[in-house]
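Peer 1: I have a structure I would like to understand better, so I am pasting it below and will then ask my questions one at a time.
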Amino acid sequence: MPDKQSLTHLAYSSVVDAIEEVIGENGKKAVFRFAGLENLIDNPLDYDTEARVPYEYVSKLFFGVREILGNKGYNAVMYRGGIISVENMVKNSEPLRALIAMELDPVEKLKMGYQVYVRNSGYDPEEILKHIPEIREMLIHRADCSECNGLVNKNEMIKDITKPGCFFIKGIMQGIGYCFKKEIEVMAEEIKCRLIGDEECLFRMRYEVIKAKD
């Protein structure tokens, strides 16, 4: 069972890619130095889908981005990092590529995509993933969300956060939806967040199946 508070090398490296994409190489180096992660400048992690980064280093990187860029800058970088993480996962995962290409109901494929994410994060889909087909949405409950875990009790750092702020995980949710964009449109949003006092982080994915043209 993977550590729920860690990230794979692939996910961590994807955040780093997003930092460089948004603020350039010098900006990335500034974040690393501020966060005490100078070793990653000359020794970047690979895109291993199995090896994991201890939460200490995840937390340092997330804090560094927020401190250097502020909340709005953090949101932009981390959302993009989540999407890049899924893009890199597709590149490195033959089973995921096979799922995307599979001749199957697009709603079922989307649900399977989120199930894969939930299992890889160390959770049981039966416990935290809910599908409500009558209103075309899926919910993922995260009572111990790893993205905001280190910030929850830091009142000074979160006093200006007034809306759900787990943009990395939101980006992952949206990125999974993009995997099936030829068949289904997905809008991911975080509707509850521990950073604003909720008891859990709750992600909602609304979807519409794309009608085939006659």
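The values are calculated or read from the model by the stated rules, or taken from the named source; none is laboratory data. Keep in mind it's a predicted model, so treat the numbers as computed, not measured. For neighbour counting, all protein chains shown are included, and Cβ atoms are generated from backbone atoms with ideal geometry for every residue, glycine included.
Peer 1: Whether any residue in the range 67-80 is touching a residue at least 60 places away in the same chain (Cβ under 8 Å) and either farther than 19 Å from residue 157 by Cα or part of a strand (DSSP E or B) (or both) is what I want to check.
Peer 2: Looking through the range 67-80, at least one residue is touching a residue at least 60 places away in the same chain (Cβ under 8 Å) and either farther than 19 Å from residue 157 by Cα or part of a strand (DSSP E or B) (or both).
Peer 1: Got a number for residues in the range 48-58 being surrounded by 14 or more Cβ atoms within 10 Å (Cβ to Cβ) and either more than 18 Å from the chain's Cα centre (by Cα) or in a helix (DSSP H, G or I) (or both)?
Peer 2: Count: 3.
Peer 1: Looking only at the range 9-27, which residues are touching a helix residue (DSSP H, G or I) at 6+ places or on another chain (Cβ under 8 Å) and more than 13 Å from residue 78 (Cα to Cα)?
Peer 2: Selection gives 10, 27.
Peer 1: Taking into account only those residues within the range 81-96 that are of a type outside the set (A, V, I, L, M) and in contact with a helix residue (DSSP H, G or I) (Cβ under 6 Å, 6 or more places away or on another chain), which is farthest from residue 158 (Cα to Cα)?
Peer 2: Here the residue is 88.
Peer 1: Among 180, 203, which is closer than 21 Å to residue 83 by Cβ, at pLDDT 95 or above and assigned to a loop (DSSP other than H, G, I, E, B)?
Peer 2: Working: 203 fails: assigned to a loop (DSSP other than H, G, I, E, B).
On inspection, the qualifying residue turns out to be 180.
Peer 1: For the range 41-67, enumerate the residues that are of a type outside the set (Val, Ile, Thr), touching a Lys or Arg at 6+ places or on another chain (Cβ under 9 Å) and over 17 Å from residue 168 (Cβ atoms).
Peer 2: Those that are of a type outside the set (Val, Ile, Thr), touching a Lys or Arg at 6+ places or on another chain (Cβ under 9 Å) and over 17 Å from residue 168 (Cβ atoms): none in the range 41-67.
Peer 1: Here's something else I'd like to know. I want to confirm something. Restricting to the range 31-47 and keeping residues that are of a type in the set (Phe, Trp, Tyr) and over 23 Å from residue 95 (Cα atoms), which single residue is surrounded by the most Cβ atoms within 10 Å (Cβ to Cβ)?
Peer 2: Here the residue is 32.
Peer 1: Related question: Please go through the range 49-75 and give me each residue that is in contact with a helix residue (DSSP H, G or I) (Cβ under 6 Å, 6 or more places away or on another chain) and farther than 19 Å from residue 36 by Cβ, ordered by number.
Peer 2: 49, 51, 75 - these are the residues of the range 49-75 that are in contact with a helix residue (DSSP H, G or I) (Cβ under 6 Å, 6 or more places away or on another chain) and farther than 19 Å from residue 36 by Cβ.
Peer 1: Taking the options 61, 45, 37, name whichever one is assigned to a helix (DSSP H, G or I), among the hydrophobic types (A, V, I, L, M, F, W, C) and modelled with pLDDT of 90 or more.
Peer 2: So the residue among 61, 45, 37 that is assigned to a helix (DSSP H, G or I), among the hydrophobic types (A, V, I, L, M, F, W, C) and modelled with pLDDT of 90 or more is 61.
Peer 1: What tally of residues in the range 135-174 results from selecting those that are modelled with pLDDT of 90 or more, part of a loop (DSSP other than H, G, I, E, B) and among the polar types (S, T, N, Q)?
Peer 2: 1
Peer 1: Follow-up. Please count how many residues of the range 106-134 are in a loop (DSSP other than H, G, I, E, B) and hydroxyl-bearing (Ser, Thr, Tyr).
Peer 2: The number of residues fulfilling the criteria is 2.
Peer 1: A follow-up question, please. Answer yes or no as to whether residue 100 is in contact (Cβ under 8 Å) with a residue 24 or more places away in the chain, surrounded by fewer than 18 Cβ atoms within 10 Å (Cβ to Cβ) and part of a helix (DSSP H, G or I). Show your work before the answer.
Peer 2: On the way: in contact (Cβ under 8 Å) with a residue 24 or more places away in the chain: yes; surrounded by fewer than 18 Cβ atoms within 10 Å (Cβ to Cβ): yes; part of a helix (DSSP H, G or I): yes.
When the stated conditions are applied, residue 100 passes them.
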